[in-house]
1. Could you derive backbone 3J(HN,Hα) for region 118-125 from the dihedral phi with the Karplus parameters 6.51, -1.76 and 1.60 (θ = phi - 60°), listing whole Hz in sequence and x where the residue is Gly or Pro?
2. What's the local net charge at Gly193, with K and R +1, D and E -1, over the other residues with C-beta under 13 Å away?
3. Under the rule a/c < 1.5 gives rounded, and otherwise a/b versus b/c splits prolate from oblate, where does region 246-359 land using the Cα gyration tensor?
4. How much of the DSSP bridge set in region 316-399 is antiparallel, in percent, rounded to the nearest 5?
5. For region 183-284, rounded, prolate or oblate, judged on the Cα gyration tensor with a ≥ b ≥ c (square roots of eigenvalues), a/c < 1.5 rounded, else prolate if a/b > b/c?
6. What net charge do the residues around His307 carry, taking every other residue with its C-beta under 13 Å from that of His307, with Lys and Arg at +1 and Asp and Glu at -1?
7. Taking K and R as +1 and D and E as -1, what net charge do the other residues with C-beta under 13 Å from the C-beta of Ser183 add up to?
8. Whole-Hz Karplus ³J(HN,Hα) for region 89-105, in order, using 6.51 cos²θ - 1.76 cosθ + 1.60 and θ = phi - 60°, x for Gly and Pro?
Amino acid sequence: MSLLLAGALTWVFVRDLEFQSAEAQLGRSVITVTAQVRHEECFTPLPKIARPATCPRPGLDTQTDFLDRLNGLIVPTLSGNRLLLLRSDRVVVFDSQDSLLNQQVSITSPAPGRSTLEGRSYFTVAQQIPPGQDPLHASYVVLAQPQTFAASAAAGELASRLLEAGGAALVVAMLLVLLISQSVTRPLTQLAGAAEDIAAGNYSSRVSIKGQDEIGMLGSAFNRMAEAVERARKVQRDFLANVSHELKTPLTSLIGFSQALVDGSLLSDAERTRAASIVHEESERVLRMAQELLDLARVEAGSISLHITAVDLGGQLEQELEMVRPRAIARGLSLKLNTPDDIPPVAADPERLHQILDNLLDNAVKYAPEGSTVNAVARLSGGAVETVVSNPAGKHRPDPDRMFDRFYRADKARSRELGGAGLGLSIGRWIAEAHGGSVHVESQSGAGSTFKVVLPNTKIPTNIHA
């Protein structure tokens, strides 16, 4: 389409230029023809005083000889043009085509123009000569060229030029299309290959496509997607490995002690009582882990069920502290609670709020150094209520960037000893976000860990998952 439009516009412009060139060429030709006509006047039988000074010898005797010389010597050199000789009254006295003899025409302008002769359009130009110098008494020499002849000549030349230019443009366009197609298909082929690798399980496959254009942005997005897929796959593998490991220990204990009870290898009542206690504890541990895994699946799927009511946060914190106080006393820990009297109720599910606070206080009691203090504070924070649980750091300082990862534990040996699976913080954060709140941690070297739970007050949020 571009070539066609460019060719049409070029045709119009070049045709006008060709017409102007034809008119200019016609103006130069009429001067030559006029000189030839004047030369033939030298051969006419005129008085010597009227003969041009450049005439070499007397002229011929008759007008017929003059016409014969015009037709024989000048007309063949006109190259398709038409020669007219006019008297001063614009009557044609000579026509190279003999069809306008003794007819009057209105062509006397020395400037090139366009005229109509016998219904046909011509480019015409006239040259005045002294009257009475030839047997025909002509005063004007007129040279006419058919417009169709000029147009066909221009069209032929223009067509050849356009064909040459079009052919060259087509070759250049094909080369450009080939280069552009290769520059587009090469990265797309690379993307397709990398996608096939990822589909086959090679999650480390990446593409080397860079740039600020759309293809470069697509390559960067693909690499980010591949990294996310690889990370998710690794998390999945780690999750399965952790679940298998966490279940293996209690199940091994359950199988071993239950087998001992069944086959009668435990002889004393004390041994049987201890075995039954271990079976009971390990069963509770497996049940607790199964419940946490179920909660984790629900919160990640957004299908956790919440029953929002106005909860007295101060009273809830007191109950939670009383529940962990025996374990705190056993480790020599001191529990402190600070709640203002005017603290407003929070909009929360009591059961899920208990799950969050119990996990935070249970972790604080488990991992705080013996003889230290665990603090719980409730306070207003803008339009929300903030609960802060803090404790000094023990020998194994947790990584704040990983504390909310599933199955993360700073001291794995102690956590397994105390029965933790490393899912509580991850679940608690999801539950808080489902309430329209948040859970985050601040941990500094030597200062311990501070967990902050932000929940809305009694104005129930609109983004809660029902």
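Coordinate-derived values only; no laboratory data. For clarity, every value in this text was computed on a predicted model and none was experimentally measured. Note: ideal-geometry Cβ built from the backbone for every residue, glycine included; neighbour counts use all protein chains shown.
1. After applying 6.51 cos²θ - 1.76 cosθ + 1.60, I find 6, x, 10, 8, 10, 8, 10, 8 Hz.
2. Local net charge: 0.
3. Here region 246-359 falls in the oblate category.
4. Details: 7 of 12 bridges.
Here the antiparallel bridges make up roughly 60 percent for region 316-399.
5. Prolate, since a/c reaches 1.5 and a/b exceeds b/c.
6. Numbers: positive: Arg352; negative: Asp349, Glu351.
Net of charged neighbours comes to -1.
7. Surrounding charge for Ser183 is -1.
8. 8, 6, 8, 6, 10, 8, 9, 5, 9, 6, 9, 10, 4, 6, 9, 9, 10
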